[in-house]
Number of protein chains: 2
Amino acid sequence: MSTTELLRSNKSKKPKALSSDDRHTLNPTRFLSMARKSSLIKQALATVLFVVLLYATLNTFLSPAAVSPALPSFSSSSSSPPYDAVINVVSRDNDPNSNSNPKPVVKVYLYDLPTRFTYGIIEQHSLARGGHPAGDVSSLKYPGHQHMGEWYLFKDLLKPESDRVGSPVARVLDPDEADFFYVPFFSSLSLIVNTNRQAAGSEERPAYSDEENQVALVEWLEAQEYWKRNNGRDHVIMASDPNALYKVLDSVKNAVLLVCDFGRLKADQGSLVKDVIVPYSHRINTYNGDISVENRNTLLFFMGNRFRKEGGKIRDLLFQLLENEEDVIVKHGTQSRESRRAATHGMHTSKFCLNPAGDTPSACRLFDSIVSLCVPVVISDSIELPFEDVIDYRKIAIFVESNTALKPGFLVSMLREITSERILEYQKEMNEVKHYFQYGVPNGTVNEIWRHIAQKLPFIKLSINRDKRLVKRDMNVPDCSCVCSNQTGIITSL
Amino acid sequence: MSTTELLRSNKSKKPKALSSDDRHTLNPTRFLSMARKSSLIKQALATVLFVVLLYATLNTFLSPAAVSPALPSFSSSSSSPPYDAVINVVSRDNDPNSNSNPKPVVKVYLYDLPTRFTYGIIEQHSLARGGHPAGDVSSLKYPGHQHMGEWYLFKDLLKPESDRVGSPVARVLDPDEADFFYVPFFSSLSLIVNTNRQAAGSEERPAYSDEENQVALVEWLEAQEYWKRNNGRDHVIMASDPNALYKVLDSVKNAVLLVCDFGRLKADQGSLVKDVIVPYSHRINTYNGDISVENRNTLLFFMGNRFRKEGGKIRDLLFQLLENEEDVIVKHGTQSRESRRAATHGMHTSKFCLNPAGDTPSACRLFDSIVSLCVPVVISDSIELPFEDVIDYRKIAIFVESNTALKPGFLVSMLREITSERILEYQKEMNEVKHYFQYGVPNGTVNEIWRHIAQKLPFIKLSINRDKRLVKRDMNVPDCSCVCSNQTGIITSL
């Protein structure tokens, strides 16, 4: 079944648009002044108030927030209000009592990509591992891996709108209504179809080429009316793996890219202004126990590849420093079910988890640490972090500048001095924000990514309108809008 | 009366905070299922529905949207939805029936600045013009000029919250609750207190110094706890006149600056990402007639200073090209009541109004043209435009690249070819958006500026959190997030 067919099957469930009357609120002040004019209404009012109070009381106990720990909650110790509610999260019910302002959500159109860019990649991944060609590719299961966020976003948009209530974005089936165009290319899965990039094919089955598929995607996009209209500025493409889309980045750089870091992107390809930093999909099971240090006897834990390129060279140096410390576990390990089990045990029984840079600044381990309530010790000077407007990472992690972290004895003695009370505070905060890093929960990562995409809309609309009226200019430097960091910098956040 | 006293006098009107119960909505589905369980409630329900229907009916006719033409409307020919409603404009009534999501607005704290930065400047302006010292400076009338937006924003925040319903921001009296800190320095008035900057004082009254006051403001700010906390990133300062604050820009560059263009700001001082482009306060009366070309016999009109520095040198060249054209009026004139009257007449009776660059790219004339329904012909290659995310200026103005505009005969022959129908379309669009350029109307420029400030909040919060956890890095280039224009450029938008 193609995406179109899936879309059509959901079409009938599209919610009815609100009529203008539906959009008006019951304003209690005016309500009261009207009621004074009629004794009939006076009587009614008493009943109304009773019902309202009864409802409010019941609602307090029955509201989803009270029963579902997965709903977003805000860091209790944060002095800031949950300001991200500024971006309208609209419940698209037809409630005539809802707020008087019309509340359009941000609207997303899901491209009906040719299968080769979506389910076809799942099939290729399966074939490359000895699987058989599938009859109905859409029945194939997307294989679990750390960049499977692309699958969750695609699936989210395919759900009937009635199951998407509370989402910051609404899917629209008419591209003319759309604010954003989602391009559901499985760019990260495409990258790992072959166990190495130049896998040999056979006569009956030529080798899959990620590069060819990237190029084909750009050709397809550049033929689309809506892509051409705004040079892709209102398009959203996930490139979660730092190497995803590497061949065509210059062609898609105007789009809102959903990335894990900017390690492989040039300054004109990716930026915090237009792009959204997304979390890896954690591979370690969530720790569901209470916050506690009692069963966490290991001081510091790391398991992963000891040898990495670029910023990741620090890993081997850290191994040399740490491998003989008594209460520290640092183990070389590669991805496997077995090592995941060992890592789960390690992360669930350690106070701190080491998060050094990998080939790029980000790594899945940070999110594994957070859902394990194992305080991350981040040693990656150029790391970018998801949802940093709503999460103050100093409350859930310790940042250490690389050169400082390499001073003999520094790390372990610093960590040993941290009291249990302080560790419990970190754990409490991680517990509060961990839903942001859970793709699979109802109001978790997926909604948060949409919310952040939605927040980009004013600036994107401005860029689109401005680009179109700008006249030709002789400029020595590119016409850019920037915001720069203070560049002061800390040695450690502790 | 100082700002504090004014604030205190409004304090009693502060709306009661919503209790958690108040925030729950009457969800009609659950309401109905509960009602089925009780016949008492069944009776009540009928009454409730009657009252709701009565209210909804009355509300449709009595809602502000139905009576006030000044409320925001969106360009009718635009295919985009009014997406800026994505940013929650919350009515802060205590309606228990309002939407189920808690809806905090963006909160602004108004600094209680020493009088020398606010009313004291009005007094100095008066004294420099032969006025007498005022007993109560807060009774002084702010003098009308093209950068008096700073007065409207200040006044708006001083209003009781009950008069601010519908505003995208709520004033808070506790700085700990604030998202933003508004610094109501009259920076533009300060600049024009003296008729020239080095005005001579007398023994009893030393000359006012704008520069000294700018420096004093920064000293005052840098002593404030909340300024220091985030290096001013969450502070908002209006610098509407392109020369306002010129002495201290480096000290306030982290703040959200409300500016007319970036003509006097360096790339690291101002940017579309963190700042808000605000309109000049128009000095020509709004044209209240119908859209029409009948009484507009002049093809192109301009009145203003013929001689300007920098980009404004083009004015003299345009005068030479245009002054002998039959249906074109270009007149040299300086600001005076008399010339304002002549300009009003000219703009209300012309089809097109010339908008060349001045000393900086922007000029008041653009907003005078729009409220006059005189189609602006913008010849200013580096102009920035207010609210460009919600306004597609190609629909209300014609942009011409400077070198092209200077080709003999080009401008007038281009304009003469534009049909009356097309001019009416421009006028219709101007009519739709002109409320954005009216500071004095209930839902005009002031609310739109706040809405745009509110939209910056996610990125500002991100910058604040990120800055604090960034470790020291050796970087060759500053750590900046940028979005650049396509740099393709048009010759004319016609």
HN-Hα couplings for the range B:288-298 via Karplus (6.51, -1.76, 1.60; θ = phi - 60°), in whole Hz with x for Gly/Pro, come out as 9, x, 6, 5, 4, 10, 4, 9, 10, 8, 7
The percentage of the accessible area of the range B:298-437 (probe 1.4 Å, all protein chains present) made up of carbon and sulfur atoms, to the nearest whole number, is 48
Karplus ³J(HN,Hα) for the range A:118-133 (6.51 cos²θ - 1.76 cosθ + 1.60, θ = phi - 60°; Hz, whole; x = Gly/Pro) runs 10, 4, x, 6, 4, 4, 4, 4, 5, 4, 5, 10, x, x, 9, x
Rounded to whole Å², per residue accessible area for the range A:298-437 with a 1.4 Å probe reads 38
Between the residues B:361, B:345, B:324, the Cα farthest towards the positive end of the dipole of the range B:320-371, that dipole coming from +1 and -1 charges on the beta-carbon of Lys, Arg, Asp and Glu, is from B:345
Here Rg/Rh (Cα, Kirkwood) for the range B:226-327 equals 1.13
On protein heavy atoms with a 1.4 Å probe, the accessible surface that disappears when A meets B, both sides summed and given to 100 Å², is 9700
The long-range amide H neighbours of residue A:303, using H built 1.01 Å from N in the peptide plane and a cut-off of under 5 Å, are A:331
Per the 1/(1 + (r/R0)^6) rule, R0 = 25 Å and r from the Cβ atoms of residue A:211 and residue A:307, FRET efficiency to 0.05 is 0.45
With a Förster distance of 30 angstrom and the Cβ-Cβ distance between residue B:267 and residue B:327, calculated FRET efficiency to the nearest 0.05 equals 0.10
Looks like the range B:358-494, by Cα gyration tensor root eigenvalues a ≥ b ≥ c and the a/c under 1.5 rounded cutoff (else prolate when a/b is bigger than b/c, oblate otherwise), is oblate
For the range B:102-252, the Cα-Cα pair-distance distribution in 10 Å bins from 0, as whole percents, is 10, 38, 34, 14, 3, 0
Sorted by chain and number, the residues with a modelled amide H under 5 Å from that of residue A:110, at a separation of 5 or more or across chains, are A:172, A:182
Residues whose modelled amide H sits under 5 Å from the amide H of residue B:373, counting only those 5 or more places away in sequence or on another chain, are B:287
Rounded to the nearest 0.05, FRET efficiency between residue B:297 and residue A:486 (Cβ-Cβ, R0 35 Å) equals 0.05
Once the dipole of the range B:106-277 is set up from charges on Cβ (+1 Lys and Arg, -1 Asp and Glu), the residue from the list B:260, B:153, B:214 lying farthest towards its positive end is B:260
Under Stokes-Einstein, the range A:298-437 at 25 °C and 0.890 mPa s, with its Kirkwood radius over C-alpha pairs, diffuses with a coefficient in µm²/s of 163
Going through B:107/B:472; A:468/B:274; B:107/B:468 one by one, the pairs whose alpha carbons sit over 26 Å apart turn out to be B:107/B:472
Taking the label point 7 Å from Cα along the Cα-Cβ vector, the copy-to-copy distances for residue A:305, listed from shortest in nm with one decimal, are 6.3
In whole Hz, the Karplus estimates of ³J(HN,Hα) for the range A:156-167 (6.51, -1.76, 1.60; θ = phi - 60°; x where Gly or Pro) are 4, 6, 7, 5, x, 4, 5, 8, 10, 4, x, 6
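The values are calculated or read from the model by the stated rules, or taken from the named source; none is laboratory data. A quick note: this is a predicted structure, and the numbers were derived from the prediction, not measured. Heads up, the Cβs are rebuilt from the backbone with ideal geometry, glycines too, and the neighbour counts pull from every protein chain shown. Ligands, DNA and RNA are excluded from the accessible area calculation, which covers all protein heavy atoms including side chains. Shrake-Rupley method; radii C 1.70, N 1.55, O 1.52, S 1.80 Å.
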